Structures are given as C-alpha cells and as structure tokens.
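Asker: What follows is a structure written as structure tokens; I'll ask about it next.
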Amino acid sequence: MMTPTINPAATLILPTEWRDFFALTKPRVMSLVVFTGLCGLLAAPVSIHPVLGFTAILCIALGAGGAAALNMWWEADLDAGMKRTAKRPLPAGRMDPIAARDFGIGLSVGSVLILGLAIGWLAAGLLAVSIVYYAVIYTIWLKPRTPLNIVIGGGAGAFPPLIGWVAATGHITAMPLLLFAIIFMWTPPHFWALALFVQSDYAKVGIPMLPVVAGEATTRRQILIYSLLLLPLAATPWFIGATGAVYGIAALGLSAAFVGFALPVGLRQSAAGGTMKAERRLFWFSIVYLFALFAVLVADRLATVQGWQG
Amino acid sequence: MTQTPPPPDMPNMPDMKQYRARQRSRNIALGLVLVFLVVLFYAITFVRLGAQHG
C-alpha cells in the first residue's frame, strides 16, 4: 500500500496579481471621484501649483481607492451572492481577505498623510472623514440597516469637489458646500435607478435598498422628487453669483434633461415584465450629467478668468 | 504498476513558473510605485521650499 504524499504544488497559493489590487479600488467609480475632485480644484478662485494640484488629486483618488478596497473586503460575502459583483477579486477567491484589508488601510492612511503634509491638514481631515464615511458609516452601518442608506451614504461621494476646492483655497466657503450638496442630491436618483434594474440581486443578499423594502412605486416617486429638487440646487451657484451664466444656463439645461429622463421612470407604475429601458437610460444619463455639470463649472471659471463673462 | 508521486519539496514546474511570473510582475509594479513616490516627494519638497523662500 502506498502512503499518500502531500504535494506542495497542490497547495501552492499564487500571489495575487497587481491587476486585482487595482480592481479593488473600483477604478470606474474612481474616475468620477477624480474628475469631480479635479473640477473642484480648478473651479476654485485661487490657483495652485501644478505639482501640488496633482498631489491633491492623487491623494483624493488613493483615498477613494482605499475606501473602496475596505468596502469590498467587508462585503465580500454579499458580493459573492450578486451576479454584478461575484467576479470581484475577493468573492472569486483570487485574493486573501487580509491582504485586501491591509491594502485598503494602507491606501487610506497613506493618502491622508501625504495630503496633510503636502497640501494642508484641513483637506486631509476632510479626506479622512470621507473615507470613514464610506467605509464605516455607509458600508458597515447604514447599508445593511436602512433603505435610506443611499440618501445619507451619498455624502461619501460628495466629498471630492469639496476636498479639491479646500486643497486650492485652504478654507471652506458656501460654494464648495454647494458642490457637495449637488452630488448629495444627485446620488439617490442615480443609485435608485440602478437599484430598480438590479433589485433582485439586492433582495437575494438582504440589502434593504428602497425598491426591495418600500417597493417600486415609492422608489419611482422618490427618484422624481430628488430629480426635481436637483434642478434648482444645481443652478444655485449661479443664483448666488458664485458662477457666471455659462454655468447657470448649462446647469438649468442639464438638470431639465435629468428631469426629462426621470419623468418616465417616476410616472411608470411598474415595469413588471418590462425591460427597464427608462431606468437604464436614467442611470447612464445621470453619469453623463455629473461629468458635464462639473466640466461646465470649470469652463465657466475659465470664461471668467479670460474676461469672456462678467 | 504504481505511479511515483512528485517529491514533497518540489512543486511541479508549471505552477512554480506561474508563481514566479506573478511575483515578478508584482515586484515590478511595487518598484515603479516606489520610484514614483520618490520623484513625487522630491517635487513636493522642491515646490514647498520654493514657496517659502520665493
């Protein structure tokens, strides 16, 4: 009889690929974070040295990446149960959870320290708050407990333009708070549109998203309400004289289009058996909307600096 | 006829090759990150000192 021999090759654990570490930072979400942070920095009335500006945006991106890694580490079991997220590095078994956690902590602490030392501790403090807000308040506390998770948790994604602005100016004024408020108000219709067409996934893993808990009709009504509130809010920087007409007119036009995309979603009773086309369109337009709105904000600042508008 | 198992201290070659390749790509990525950070810290120091003395 042969004695069974353990072959180390069978238990050899391959090192995680760097691509999986990169995937842990949610690069697609990070692109929106980087863009809004950059726009906040460029729209500020004070110019910043390009090296310091680059450092600020890098730290915002690294902080967001760290928070995203901690989110994925905490939600690995939930992600495994959802089609949309099952192929992520942790649920797919391509990465050790401890490595993911340490990577997230390393990025978070490193980004705050570099931002503090290179730019200033107010911006670094805001970055630290945004990381804790997303990784702890939203991921651990709100998301599994309340259908209002997206409403309050939306604050986490609203920090980048505020941090960008503060990195340039060194202090908080009404304008960066308005930019924060715009993303805060934009988040619920953006995420609820997504939640409407992936609600079976959320229900399966017990996440109390609004469509799962309160039903489709309530979610649709809420999407419409938030979209209508976003319209005047997005134009407020113009109303208070913080931006010019370039931003004001574009903000009104873009927000009216947002309402236009939200109307068919909000007025629809139920999409049972439907294709959720209107919901998908609203979700994609909401991303275009945010990119365009912040791009126009920078264009408006440029127009003012060049003397093309008063 | 019985098959001889691989020696206990020698993982088979394809796995070791993949192991080494991943280790190498991670080391390169980490090396690039470190070089980038050195350049960044140098540039930040240069700008900050310039701002203080300029």
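The numbers here are math on the coordinates, done by the rules we state, and not lab data. Bear in mind the structure is a predicted one, so any value in this text is a computation, not a measurement. No Cβ is skipped: glycine too gets one built from the backbone with ideal geometry, and neighbour counts run over all protein chains shown.
Asker: Expressed in nm to one decimal, what extension gain is obtained for the pair A:A295 and A:R19 from 0.36 nm per residue of sequence separation less their Cα-Cα distance?
Answerer: Roughly 96.4 nm would be gained on extension.
Asker: Another question, if that's okay. Using Cα pairs closer than 8 Å and at least 6 residues apart in sequence, work out the relative contact order for chain A, in percent.
Answerer: Numbers: 452 pairs, mean separation 55.3, N = 310.
RCO, chain A: 18 percent.
Asker: Ordered by packing density, taken as the mean number of other Cβ atoms within 10 Å over each peptide's residues, highest first, how do B:27-39, A:35-47 rank? Working shown, then result.
Answerer: On the way: B:27-39: 11.1, A:35-47: 21.8.
In decreasing order of mean packing, B:27-39, A:35-47 become A:35-47, B:27-39.
Asker: Would you mind ranking A:M72, A:M30 by Cβ crowding within 10 Å, fewest neighbours first?
Answerer: Sorted ascending by nearby Cβ count, the order is A:M30, A:M72.
Asker: Provide Rg over Rh for region A:176-256; use the alpha carbon set for both Rg and the Kirkwood Rh (inverse mean inverse pair distance). Spell out each step's value before the answer.
Answerer: On the way: Rg = 15.4 Å, Rh = 13.8 Å.
Rounded to two decimals, Rg over Rh is 1.11.
Asker: At a 10 angstrom cut-off on C-beta neighbours, averaged per residue, how do the peptides A:59-70, A:163-174 rank from highest to lowest?
Answerer: A:59-70, A:163-174
Asker: Something else about it: Taking every residue in B:27-38, how many Cβ atoms of other protein chains lie within 10 Å of its Cβ, on average? Before the final figure, lay out each step's value.
Answerer: Details: counts 2, 1, 5, 1, 0, 1, 1, 0, 0, 1, 2, 0.
Going residue by residue through B:27-38 and averaging, the value is 1.
Asker: What order do you get for A:E279, A:E216 when you list them from fewest to most C-beta neighbours inside 10 Å?
Answerer: Ranked by crowding around the Cβ, least crowded first: A:E216, A:E279.
Asker: As an exercise, use a Förster radius of 25 Å and the Cβ-Cβ distance of B:R20 and A:A92 to find the FRET efficiency, rounded to the nearest 0.05.
Answerer: Working from the Cβ atoms, E equals 0.65.
Asker: Let me know the shape class of region A:96-245, please: from the alpha-carbon gyration tensor, a ≥ b ≥ c as square roots of the eigenvalues, rounded when a/c is under 1.5, otherwise prolate if a/b is greater than b/c, or oblate. Could the numbers behind the result be given before it?
Answerer: Numbers: a/c = 3.27, a/b = 1.15, b/c = 2.85.
Judged from the Cα gyration tensor, region A:96-245 comes out oblate (a/c at least 1.5, b/c at or above a/b).
Asker: Which distance in nm do the two modelled labels at B:L40 and A:R221 give, with both placed 7 Å along the Cα-to-Cβ direction?
Answerer: That separation, rounded to one decimal, is 4.8 nm.
Asker: Give the Rg/Rh ratio for region A:214-275, taking Rg as the radius of gyration of the Cα atoms and Rh as the Kirkwood radius, to two decimals.
Answerer: 1.14
Asker: Using the Cα atoms of chain A to build a convex hull, what is its mean projected area in square nanometres? Before the final figure, lay out each step's value.
Answerer: On the way: hull surface 78.3 nm².
Taking the Cα atoms of chain A, their convex hull projects to 19.6 nm² on average.
Asker: Which of the lysines could a cross-linker span from A:K143 if the Cα-Cα distance has to be under 28 Å and same-chain partners fewer than 8 positions apart are dropped?
Answerer: Output for A:K143: A:K26, A:K83, A:K87, A:K204, A:K277.
Asker: Taking only DSSP H segments of four or more residues, each worth -39500 (n - 2.57), what value at 222 nm results for chain A once the sum is divided by all its residues, to the nearest 500 deg cm²/dmol?
Answerer: Details: 14 runs with 222 residues, N = 310.
My calculation for chain A gives -23500 deg cm²/dmol from helical runs alone.
Asker: Sorted by packing (mean other beta-carbon atoms within 10 Å per residue), highest first, where do A:188-198, A:91-101, A:257-267 land?
Answerer: Top of the packing list down: A:188-198, A:257-267, A:91-101.
Asker: Now, a different point. Between rounded, prolate and oblate, where does region A:1-147 land on the alpha carbon gyration tensor, with a ≥ b ≥ c its root eigenvalues, rounded for a/c under 1.5, else prolate if a/b exceeds b/c?
Answerer: Prolate shape, in that a/c is at least 1.5 and a/b is the bigger ratio.
Asker: Another question, then. Tell me whether region A:105-187 comes out rounded, prolate or oblate; compute the Cα gyration tensor, take square roots of the eigenvalues as a ≥ b ≥ c, and use a/c under 1.5 as the rounded threshold.
Answerer: Note, shape of region A:105-187 comes out oblate.
Asker: Here's something else I'd like to know. In units of 2.2 N^0.38 Å, what is the alpha-carbon radius of gyration of region A:205-310?
Answerer: Cα-based Rg divided by the globular estimate yields 1.30.
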